[in-house]
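The next block holds one structure in the form of structure tokens; read it before the comments.
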Amino acid sequence: MSRPGQRDPQGTRLPVKLDSTSNGEFEPVPLTPLHRQANRLAHRMASANAKRTGVGRRSFLVSACGAASTLLAFNTAYAAAGKAGGYFELTADAAVDPELASAALEGDEFIFDVQGHFVNPQGAWLRELPDDARPLSFLAQMNPCAADAGGGRAYLNCFDSDQFIQDVFMDSDTDLMVLSFVPSRADAEPLTIEEATATAEIVEKLDGTHRMLVHGRVNPNQDGDLQQMDTLAEQWGVCAWKTYTQWGPDGKGFFLDDEDVGIPFLEKARALGVKIVAVHKGLPFGPESYEHSTCADIGRVAKLFPDISFLVYHSGYVTGAAEGPYDPQRSDGVDALVTSLIENDVAPNANVYAELGSTWRFLMRDPDSAAHTMGKLLKYCGEDNVLWGTDSIWYGSPQDQIQAFRSFQIAEDWRHRYNYPKITPALRAKVFGLNALKPYGRHVEDLLPKLRADRVMRSRQAYREAPDPHFRTYGPTNRREFLNLLRWNGGSRV
């Protein structure tokens, strides 16, 4: 499924992407001098280790040793800067020893990504734009491909369902994914429920294994959305509801326990029997809706509706703000989620789940914040209630996020000081996928026996004999690209 033009024959791209890419819900945060130094060191180590192992630089980078070498370079740079709270747990020899690298970075965990995105390159949303509009044009500049040859908006074909399947199911170890939505007006969705279902069916047709689930987007403060829930549940069989408390057609958000908006939404979810609510918290869209991005309402509704599973997407994380030990005085970020759970007596491993989409990807830039964030979520939400999500396709293939989490460890002295758990292989397996079976299990129980022997897996195994990942991202990487993304979506993402 790889396409010519996306490869990197000279090995100019690192397999673990340390950059400023955003998912479009926050302005890209530039790299610091420390991050640039970490990337420079990783490139130098890649060249040196490729020479040591007697292979070309590109061949080295697509191997497990290439990823190990990159993560070890990051360790060195972070440690030199005094960041000692977390690290990638790899022996130095893993950079040149394929067996050691594979043991640390390859695995057979069940990986269930509960937050994926796909933008339909032929969707009806394009008809809402002026003829001369070129939405997502920065993607074509960053990710040229043969499908871009037609001019006009042909470049959007470079990001079709085939490329989505390549990034998610060939170039990463992901087994299942939930296709989620962005907040938008009902008449301007970059991916409609019909298109999402069609995309999921593409994967199913590969061998009858439906490796993708679909959310139903509900903005209960938008006319018609509550009524549309019946169709989403009965006709489309959505597995959960995705809502954005920050978003509103008039620029004003809502809280889940607002009597005139949130409560009717939750009562209808309960009545329809689809009792999973995936709610975006954190990554605030802007100052007007900032108050509604916090998690103060999560504990309150979890207590009011104990039979509903609340999946807190992004875990309330605020990009650009370093996470420290739990601070009950902080009114946003992960600490606000923790406070809401404590104040409402919502116990760990109850009905509130913390999801890591974009959060883990950003934490890979700061091992201290990563240690505190993961430690707090595992401690207060519970080791059974932290869910794997990547927010890809915006970050390209999620494989680097998988490899980084497979090797991440909280420093022993921090574990003792803050009562954080050790991240063991068993705990990683829970986060990667087993935990998601608690809320989503009934939707996938018939699929699990097929996953390791279907055509997708056979295709992946054949492809891995000569892999050719592109190591690119798709989201905006600077303010100009971010504003471009904002314009094409009518301001609905932020």
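A few comments on the model shown:
- Between D19 and R417, the simple label model (points 7 Å from Cα in the Cβ direction) yields a spacing of 3.4 nm.
- Overall dimensions of segment 287-346, expressed as equivalent-ellipsoid semi-axes from the Cα gyration tensor (√(5λ), whole Å, largest first), are 20, 13, 10.
- Ranked H314, H416, criterion: other C-beta atoms within 10 Å, fewest first: H416, H314
- The translational diffusion coefficient of segment 353-473, from Stokes-Einstein at 20 °C and 1.002 mPa s with a Kirkwood hydrodynamic radius over alpha carbon pairs, comes to 135 µm²/s.
- Remark: the R464-Q10 segment gains 161.5 nm on full extension, using 0.36 nm per residue and subtracting the alpha carbon distance.
- Between D260 and E234, the simple spin-label model (points 7 angstrom out along Cα→Cβ) gives 2.8 nm.
- Taking 21 Å as the straight-line reach from the Cα of K17, the lysines in range (excluding those fewer than 8 positions away in the same chain) are K83.
- FRET efficiency, 1/(1 + (r/R0)^6) with R0 60 Å, evaluated for L451 and T76 via beta carbons: 0.95
- Taking other C-beta atoms within 10 angstrom as a stand-in for reagent exposure, V386, V352 fall in the order V386, V352, fewest first.
- 21 Å Cα-Cα threshold exceeded, pairs from K275/K422; K252/K379; K242/K450; K252/K275; K303/K379; K379/K422: K275/K422; K252/K379; K242/K450; K252/K275
- Potential lengthening between D93 and Q227 on full extension [0.36 nm per residue; Cα-Cα distance subtracted]: 42.3 nm
No lab work stands behind these numbers, since they all come straight from the coordinates. This structure is a prediction, so every number in the text was calculated from the model and none was measured. In this analysis, Cβ positions are derived from the backbone assuming ideal geometry, glycine residues included, and neighbour counts consider all displayed protein chains.
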